[in-house]
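Right, I'll just put the structure down here and ask away after.
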Amino acid sequence: KCGVKNAIGDYVTFVDSDDYISENLIELLLNHMYQYTDMVSSNLYTLLSNTKVVMGSSLSQGVYEKEHLYNNFNKLIYNEDANTWGLFQSLSGKLFRRNKLLEIIKDENDNLSLGDDAAVVYLYALESNNIVLIDDCLYYYRINGGSMTHTLDVNVFQQIYDFMKYMQLKIQKYSFHFISHLNL
């Protein structure tokens, strides 16, 4: 939140201190950031020792309009066809419009320790006119076995519960849109 609030540009991306990015990440993401696009999402590599694995969205690359995002919101969170997320929930490897991101994060629960990226990404997608998914791998995520993400936390079930309750509360305001956009 602090970084986004203090940023001065029109766009924001995130890079963790132990990760690195392709030298042309910003250029490539900006090339896909059309006038009416609110987010561009690339894939990323996860790195562990000498192993490099592609991670990212399971949905096909392309432009996803607001109507499609509403009609397929469940598939954005979990794509049954691929047995994984639809839209990759990490803030990394994405370019956001700063003003829209400020609106999304202003009320985010500061106590979320699991799913905080997903909370922002999915709510941001719901508020977007459209998003663009690209297959390029532009972000390099180093797996650090000692990081918070990779250590056992005895409170993990409470953290999952807190995330679920937060998301249920936040997406309630979209219920009317989901109902009116259902293909019955």
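What is the magnitude of the charge dipole of the stretch 1-122 about its Cα centre, with +1 placed on the Cβ of each Lys and Arg, -1 on the Cβ of each Asp and Glu, and no other charges, expressed in debye to the nearest 20?
160
Another question, if that's okay. Given contacts defined as C-alpha pairs under 8 Å and at least six residues apart, what's the relative contact order of the stretch 6-81, whole-number percent?
Once divided by the residue count of the stretch 6-81, the mean separation gives 14 percent.
OK, next. Name the chymotrypsin sites (Phe, Trp or Tyr not before Pro) in the stretch 46-79 that are in a loop by DSSP and that have at most 10 other C-beta atoms within 10 Å, would you?
none
Taking loop as defined by DSSP and a crowding limit of 10 other beta carbons within 10 Å, which trypsin sites (Lys or Arg not before Pro) in the stretch 57-106 fit?
Answer in residue order: Lys106.
With θ taken as phi - 60° and the coefficients 6.51, -1.76 and 1.60, list the Karplus ³J(HN,Hα) couplings across the stretch 59-70 in order, rounded to whole Hz; mark glycine and proline as x.
These are the phi-based 3J(HN,Hα) values: 7, 5, 5, x, 9, 10, 6, 3, 4, 5, 4, 5 Hz.
In the stretch 1-153, what % of DSSP beta bridges are antiparallel (nearest 5)?
In the stretch 1-153, DSSP labels about 65 percent of beta bridges as antiparallel.
Of the GluC sites (Glu not before Pro) in the stretch 53-106, which ones lie in a loop per DSSP and count no more than 14 other C-beta atoms within 10 Å? Before the final figure, lay out the partial values.
Working: sites: Glu65, Glu67, Glu80, Glu103; in loops: Glu80.
Of the GluC sites (Glu not before Pro), the ones in loops of the stretch 53-106 whose Cβ has at most 14 other Cβ atoms within 10 Å are Glu80.
Between the stretch 85-111 and the stretch 115-135, how many Å separate their Cα centres?
Cα centroid to Cα centroid, the span is 7 Å.
Considering amide H positions built from the backbone, and no H for Pro or chain starts, which residues 5 or more places from Trp85, or on another chain, come under 5 Å of its amide H?
Here Asn79 satisfy the definition.
Related question: Over the chain, calculate the relative contact order: mean separation of alpha carbon pairs under 8 Å at least 6 apart, over the residue count, as a percent.
Relative contact order for the chain comes out at 34 percent.
I'd like to check one number: the per residue accessible area of the chain, probe 1.4 Å, reported in Å² as a whole number.
In whole numbers, the chain has 59 Å² accessible per residue.
Let me ask you something else. Of Lys1/Lys170; Lys5/Lys52; Lys52/Lys165; Lys52/Lys170; Lys1/Lys173; Lys52/Lys106, which ones are farther than 27 Å apart at the Cα?
Lys5/Lys52; Lys52/Lys165; Lys52/Lys170; Lys52/Lys106
The values are calculated or read from the model by the stated rules, or taken from the named source; none is laboratory data. Keep in mind that what you see is a predicted model, and the values were worked out from it rather than measured. Quick reminder, even Gly has a Cβ in these numbers, built from the backbone with ideal geometry, and neighbours come from all protein chains shown. Just the protein is used for accessible areas: all its heavy atoms, side chains included, with ligands, DNA and RNA removed. Shrake-Rupley method; radii C 1.70, N 1.55, O 1.52, S 1.80 Å.
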